[in-house]
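The values are calculated or read from the model by the stated rules, or taken from the named source; none is laboratory data. If you're wondering where the values come from, they're calculated on a predicted model, not measured in any experiment. Neighbour counts run over all protein chains shown; Cβ positions are idealised from the backbone, glycine included.
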Amino acid sequence: MNRFAGKVALVTGSSNGIGRATGILFAQEGAKVTITGRNTKRLEETRQTILKAGIPESHVLAIPADLATEEGQDKLINETVKRFGHLNILVNNAGTAFSDAEGRIGLDQPVSDFDKVMRINLRSVVTLTQKAKDHLIKAKGEVVNVSSIAGGQQAMTGAMYYAMTKSALDQFTRSTAIGLIDHGVRVNSVSPGVVVTGIGEAIGMPEGSFEKMAEFLESRKECIPCGKAAQPIDIANVIAFLADRKLSSYIIGQSIVADGGSSLIMGMNTVDMNSILTS
Ligand code: NDP
């Protein structure tokens, strides 16, 4: 399938996880892609995977950049447009969390962690989208943000600051969608549940712990009803759907939940009330 032929996509956080799968998928489906991250070794692995899939070198631009800096963001936009001539699709995927070395959570977690996670998960999305705006308007393009079910209605005491960034991102998606649709640009987002990526190690979990956690959650129907944690490609497919105007043209400012059913379960519905009432 060549559904993105002639399109240029910038995918942040494509040196690993969901962003890597998305960059590869876009390239396989005909787009010219800018891939980026701070880790040059992992970024090169993404580039090599794309080239091994038979994509010409001229279709992929790898730019190491720290999204927490405006210089890094300027570089991404300017070099993409210089190399490929325009920008059709912006995927604001890069994101992380910061856990406290002393295990403090909720209001007890130092506010410096709040500042750090807001800077990357939210502020960088705002400023990168601002910098991309005129190019996207010119191309009548698409923005896809990567949020999380953590930003939903339920409390997230264990990762409160992270969850706050994603709730705010959902509002950013809705509000910018209405602002930009007047100019022909669509903005949407995806809210994944548990996805097996590098995020565990990125937030300081020992190697293998995130996978162990995912296996446990898979085994509990009240945690992941479909019985399977997602792989990055499962989310990349949703991102590609939202970036594909032929398939999703009437979806504006929505966050599509892709979580195997996790966010539909309420704690009080997980107990066998019948046996409690009859015992
Ligand atoms: P990974 O850790 O595998 O990938 C994160 C990507 O973000 C990496 O490419 C990393 O690049 C990049 N990144 C992080 N900080 C910066 C920075 N300061 N500057 C530039 N790039 C940065 O995680 P995921 O693939 O899981 O995460 C992708 C998105 O999905 C995030 O927004 C996350 O919140 C969201 N998500 C993930 C879920 C999951 O269960 N995995 C669930 C719900 C949402 P590098 O390290 O090279 O800088």
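Restricted to helices (runs of 4 or more DSSP H) entirely inside the stretch 78-186, those with at least 2 residues that are buried (at least 20 other Cβ atoms within 10 Å of the Cβ) are 124-139, 160-181. Among the conditions (1) out of contact with any Ser or Thr (no Cβ under 6 Å at 6 or more places or on another chain); (2) in a loop (DSSP other than H, G, I, E, B), Ile224 misses just one, which is (1). Of all the criteria given as (1) modelled with pLDDT of 95 or more; (2) within 30 Å of Lys7 (Cβ to Cβ), the one not satisfied by Ala202 is (1).
With respect to Ala21, determine if the residue is surrounded by 17 or more Cβ atoms within 10 Å (Cβ to Cβ) and out of contact with any His (no Cβ under 8 Å at 6 or more places or on another chain). Yes; evaluated as a whole, the condition is true for this residue.
Which of the residues belonging to the stretch 23-69 are within 10 Å of the ligand (Cβ to nearest atom), closer than 24 Å to Val238 by Cα and not charged (D, E, K, R)? Matches in the stretch 23-69: Gly23, Ile35, Thr36, Gly37, Leu43, Thr46, Leu67. Filtered by the rule that a residue be without any contact (Cβ under 8 Å) to a residue 12 or more places away in the chain, more than 25 Å from Ser175 (Cα to Cα) and in a loop (DSSP other than H, G, I, E, B), the stretch 242-278 gives Met266, Val271, Asp272. Screening the candidates Ser167, Ser191, Ser112 for the property of being under 17 Å from Thr96 (Cβ atoms), near the ligand (Cβ under 9 Å from one of its atoms) and modelled with pLDDT of 95 or more yields one hit, Ser191.
The lone criterion from (1) free of Cβ contacts under 8 Å to residues at least 60 places away in the same chain; (2) of a type outside the set (Val, Ile, Thr); (3) touching a helix residue (DSSP H, G or I) at 6+ places or on another chain (Cβ under 9 Å) left unmet by Lys41 is number (3).
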